[in-house]
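Input: a single structure, listed below in structure tokens.
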Amino acid sequence: MSAVREIEVRLGARGYSIRIGRGLLDDATLWRPLLRGRHALIVTNTSVAPLYQARLQPALADLHWRALALPDGEAHKTLASVARIWDALAELGATRDACILALGGGVVGDMAGFAAACWMRGIDCVQMPTTLLAMVDSAVGGKTGVDHAAGKNLIGAFHQPRLVLADLATLDTLPPREYRAGLAEIVKIGALGDAAFLAQLEHDPMALNAREDAALTHAIAHACAYKAGVVMRDETEQGERALLNFGHSFAHALETVTGYSTLLHGEAVAIGMVLAARLSARLGHAPMADAQRLAALLHALGLPTQPPPGLDADALLAAMRLDKKNRAGTLRLILWRGAGQAFIAADVDADHVRASWVRNA
């Protein structure tokens, strides 16, 4: 096992650690002491279970436990899947001191966290992300939930985990496309609030492309520390935390309109960030050169920067109107004033947003 990087999310009684390193799943001392009761449920998916579930089982031998492997993919991030988690908890006889171990990517983490938030009005959840995107985004901060036909993540709750355990070894089995999708969320941190970090990523994108442990550990720790700081200041997204959604209004619309079947979340975020940056330039908030710089970095990391062709701009705009950041029927978007300078733009003109889709299709 490599040295463990640890970041604290200080939220009083809801505070927890983010632990980053190689081989962490094999060291039960890092997570087993946090399980307070007699019941544990591993929630994973059919792709991850054969790879990593067995590593957790020996430490659960003295508990009443079971594992539930859900179908893999965003299309299964539904209330029906969460109901299966609740059914498994019921069959286990899980009481209020039970714990869910969320072993998988962002879909597993979001659903397991939401199930934990609701079961008996809240039980513990340990996030064990196995994708890069989940390590730097969905596992950290306590946002949980599922998708609805009308839009992404429309049903959910804030429910902080007991621990986030990011084992770099799980990234060794991550398909290249899934890995690249996680890089988008790392770039996002630099784009929205840390220009120096963005410049570091530009300086040597090949180290991340090669999955070098040192580069990965630095990038994951930096992204998590930045997000932790924002969450500590604005846990339930009343203000600053909304900035972490840079590019996401466009991204969620893309995912909704394409039925979660064409783009991975990180790919949609990459496209969304470029669209947000270009819209910012057209509205006079930022230089177009910064949008081009962002697109170049994402391209160097193997990520898309243009929406798929043939999408309907009106359908995309309609999906954006259901975004959770909107207020009183007006479009609120996260735009920027250049690299590292995101801000909340209220009442953005719908015609400008529609034109963004048309001009970049």
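The values are calculated or read from the model by the stated rules, or taken from the named source; none is laboratory data. Here the structure is a predicted model, which is why all the values come from computation and not from measurement. For neighbour counting, all protein chains shown are included, and Cβ atoms are generated from backbone atoms with ideal geometry for every residue, glycine included. Ligands, DNA and RNA are excluded from the accessible area calculation, which covers all protein heavy atoms including side chains. Shrake-Rupley method; radii C 1.70, N 1.55, O 1.52, S 1.80 Å.
One table, with the values for the structure above:
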| read-out | value |
| --- | --- |
| Accessible area expressed per residue, the stretch 11-166, with surrounding protein chains retained (probe 1.4 Å, Å²) | 36 |
| 0 to 90° range, to nearest 10: angle between helix 106-118 axis and the chain longest Cα axis | 60 |
| Between the stretch 179-258 and the stretch 63-99, the alpha-carbon center distance in angstrom | 29 |
| Dipole magnitude (debye, nearest 20) for the stretch 150-309, charges at Cβ of Lys, Arg, Asp, Glu | 380 |
| Residues whose placed amide H lies under 5 Å from that of Trp65, excluding near-sequence neighbours | Ala40 |
| Whole-angstrom Cα spans of the chain along principal axes, big to small | 61, 40, 37 |
| Descending Cα extents along the principal axes, the stretch 102-178, whole Å | 36, 30, 15 |
| Accessible area per residue, Å², the stretch 201-325 with all protein chains present, probe 1.4 Å | 37 |
| Accessible area of Trp31 in the full protein assembly, 1.4 Å probe (Å², nearest 10) | 0 |
| Computed accessible area, Glu91, all protein chains, 1.4 angstrom probe, square angstrom | 130 |
| Gyration tensor (Cα) of the stretch 170-227, equivalent ellipsoid semi-axes in angstrom | 18, 12, 11 |
| Net dipole in debye of the stretch 56-109 [+1 Lys, Arg Cβ; -1 Asp, Glu Cβ; about Cα centre; nearest 20] | 80 |
| Positive-pole candidate from Met111, Ala54, His39, dipole of the stretch 1-121, charges at beta carbon | His39 |
| Under-5 Å amide H pairs with Ala157, H placed in peptide plane, nonlocal only | Thr144, Gly145 |
| Within the chain: Cβ-based charge dipole about Cα centre, in debye rounded to nearest 20 (Lys, Arg +1; Asp, Glu -1) | 540 |
